[in-house]
Structure formats: structure tokens, C-alpha cells
1. Starting from the stretch 176-197, take each residue that is part of a helix (DSSP H, G or I) and list its partners that are crowded, with 16+ Cβ neighbours inside 10 Å and among the aromatic types (F, W, Y), counting only C-beta distances under 6 angstrom and pairs at least six apart or across chains.
2. Given the criteria over 16 Å from T57 (Cβ atoms), modelled with pLDDT under 70 and in a helix (DSSP H, G or I), does E231 qualify?
3. Quick one: what pairs do we get from the stretch 79-96, first residue closer than 9 Å to S221 by Cβ, second not small (G, A, S), C-beta under 6 Å, 6+ apart or different chains?
4. From the residues in the stretch 121-136 that are surrounded by 18 or more Cβ atoms within 10 Å (Cβ to Cβ), assigned to a helix (DSSP H, G or I) and not hydroxyl-bearing (S, T, Y), which one is nearest to the chain's Cα centre (by Cα)?
5. Kindly provide the set of residues from the stretch 270-315 that are among the aromatic types (F, W, Y), under 18 Å from the mean Cα position of the chain (by Cα) and more than 19 Å from L93 (Cβ to Cβ), ordered by number.
6. Filter the stretch 251-292 down to the residues that are loosely packed, with under 13 Cβ neighbours inside 10 Å and either among the aromatic types (F, W, Y) or modelled with pLDDT under 80 (or both), then identify the one that is farthest from F60 (Cα to Cα).
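The values are calculated or read from the model by the stated rules, or taken from the named source; none is laboratory data. Remember, predicted model here, so these are calculated numbers, not experimental data. Reconstructed Cβ throughout: ideal geometry from the backbone, glycine too, with neighbour counts over all protein chains shown.
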Amino acid sequence: MQVITILYLTLGIALIWKASEALEKYSVLTAQNFNISPFIIGSTVIALGTSAPEIFTTLFAALKNQGNLIVGNVIGSNIANLSLVFGLTLFILGVKKKVIQEKSIELKWNLLTLISASIIMYIIFLIRPFAILSSIILISSLFLIIASWSILSTQETERKPPSKTKHAMYKLLFSISLISLGAYLIIQGANDILKVFNVGEMFIGFTVVAIGTSLPEIAASIALSIKGRYEAVAGTLIGSNIFNGLLVLAIPGLFNREQIMSKNWNFQEWENLLITLIIITIIFCIYMRFINLKPRKASSLLGLLFITSYFISLFIAYN
């Protein structure tokens with residue numbers, strides 16, 4: 001293994017980890033300055049920032065007509081978010097004996113939009129993926145969701161005194177840029193390793209690329225959960241999956257890359273993983289709705305079950 005490859009991976013992980021801690025701090029301060037709830041800032045700013053690696057990876061893959069890499073990136077990242085990342089969050093909160101308290105109209109609405117986004121993504125893949133019309137439908141759906149977030153935030157957020165931290169927004173944007181750079185370095189290093197073993201595009205997309213681009217969510221969620229910011233963790237994961245399904249998936253169509261479908265694309269290869277994603281999403285939403293109605297202590301055992309579901313998805317992908 002080349003020294004440059006190890007350097008890519010080491011530097012990328014370090015950048016993501018430190019930048020994620022800064023992102024958590026300055027996103028909350030920015031939300032306070034603009035009178036935005038932590039859940040909304042997690043669903044939009046943090047979610048978009050942690051989805052940046054998926055966005056750039058998909059852009060480069062679309063230009064190279066790598067359809068399987070794009071699909072694997074989106075599906076793999078979304079499954080990793082709701083199983084691996086959320087599982088780690090529950091496990092950490094369970095060890096810390098944190099009580100989950102979340103009663104909000106925002107959460108209920110966002111769970112419905114998350115399920116809807118997953119179903120829309122499935123339909124787009126089934127009928128006509130990567131077409132311009134499909135991209136228009138996906139982006140229009142995202143705009144409607146963002147508009148609803150804005151309305152709910154205005155209705156529920158109480159006025160708080162502005163933060164005294166200077167330039168919080170600029171520091172937040174800088175943290176996001178470092179996360180994107182770190183994820184890019186990790187993906188470069190991982191691809192170098194996989195080339196040695198001659199692994200196929202489908203496997204790279206669902207595993208290494210998906211995990212590499214999900215590292216911001218993993219690092220940010222761990223940092224948030226350690227500090228007890230559960231509502232921001234939930235908002236980040238929900239928002240990230242919505243952005244992945246509706247924005248990232250729309251990128252190829254914007255570049256008129258529908259011809260990707262005629263190159264090594266087979267919907268049946270991905271159908272089981274798409275169904276797996278929808279099932280995990282529904283289970284996640286049911287659990288979130290349950291604790292919204294009745295606050296309870298986080299369960300480390302349940303966290304391990306979510307993590308196990310991720311490895312089950314890897315088995316499905318491998319077969």
C-alpha cells in the first residue's frame with residue numbers, strides 16, 4: 001500500500017472528526033442568532049453540509065457515467081445513516097443513561113417527509129431514474145419540504161438572546177468545507193486500496209464510497225450525542241437522508257445523464273436494497289414517534305440492533 005494512500009485516509013479522518021465538533025458548536029450558535037430551532041438547523045444546514053461529500057461524489061460519477069456508483073452512494077449512505085449512525089447514537093446515549101425527550105410537531109412532520117422521500121426515490125428508480133423530469137420532481141419535492149420546515153420553525157421557535165460568538169456562520173461554513181475535503185481524501189484513499197483488489201463499481205458504491213461519504217454524519221452524530229444534543233442528531237440524520245434522496249439523486253438528471261441507464265444498469269440488482277432501506281426507515285420512524293409520545297431512556301441494546309441491521313444490508317449487497 002502506498003504511503004500517499006495512508007496519508008489520504010489519516011488526514012481525511014482527522015479533518016472530519018475535528019470539523020464535525022466545530023460544526024456542532026457553530027450550527028447551534030448560528031441557529032440561536034437567527035432564532036431557528038436546533039432541529040431545523042440540524043435538518044437543513046448540518047444535513048446539507050454532511051451531504052456535501054455525496055453531492056460531489058455523485059457529480060463526478062455522473063460525468064463518468066458511473067450509474068452503479070451513484071446508486072450505491074445514495075442507498076448505502078441512507079442505510080448507514082439510519083442503522084449504523086443512529087445505532088451508534090443510541091448506544092452512546094444508553095451508556096450515558098441519557099433520557100430522550102422530544103415532543104414536537106416538527107419531528108412528526110419530518111418523519112412523514114422522510115418516509116415520503118424514500119418512497120419517491122424508490123418510484124424514481126423503478127420508472128425513469130436520471131431523467132430531467134425525474135430531477136425536476138425530486139428537487140420540487142425538496143423545496144416543498146424546506147418550505148414546510150421554515151413554516152414550522154417560525155410557529156414553534158421562541159425568541160432567544162443572540163449568541164455573543166463572532167462570525168459563527170462563517171466558522172460554520174468553514175467547518176462544512178473541511179468536512180467535504182476530509183471525505184474527499186478518504187474516498188480517494190479507499191478507491192486506491194480497492195483498485196489493488198479489483199473490486200467492482202457496485203461494491204465500491206455501496207460500501208467504501210457510502211461509508212466514506214457518511215463519515216461526516218457518523219462524526220457529527222457521535223459529537224452531538226456525547227454532548228446530549230439528541231434533537232440535533234435526529235434532525236441531522238433525517239435531513240441528510242432527505243437531501244441524499246431528493247437532491248443528490250437529482251444531480252445526474254440535471255446533466256442530462258439518462259444514458260447511464262443503458263450502461264450496466266439493472267434495477268433488480270438494487271431492488272432488495274431499496275426495500276431494505278424503506279423497511280429500516282419505517283422502523284426508525286416508528287421508534288422516533290414512540291419516544292416522541294413517551295420520553296424514555298436510550299437503549300444500548302436497541303442501538304446494537306440498529307447497527308446489526310447495517311451488516312445485514314451488507315450481506316444483501318454482497319449476494
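1. Every condition considered, the pairs that remain are L185/Y8; Q188/Y8; G189/Y8.
2. Details: over 16 Å from T57 (Cβ atoms): yes; modelled with pLDDT under 70: yes; in a helix (DSSP H, G or I): yes.
Against the criterion (over 16 Å from T57 (Cβ atoms), modelled with pLDDT under 70 and in a helix (DSSP H, G or I)), E231 qualifies.
3. N81/E217; N81/L237; N81/N241; V85/E217; V85/I218; F86/L237; F86/F306; T89/V233
4. Step by step, filter the stretch 121-136, then rank; the result is M121.
5. Here is the first cut: in the stretch 270-315, the residues among the aromatic types (F, W, Y) are 270, 284, 287, 290, 306, 310-311, 315.
Now restrict to residues that are under 18 Å from the mean Cα position of the chain (by Cα): 284, 306, 310-311.
F311 - this is the single residue of the stretch 270-315 that is among the aromatic types (F, W, Y), under 18 Å from the mean Cα position of the chain (by Cα) and more than 19 Å from L93 (Cβ to Cβ).
6. Here the residue is F290.
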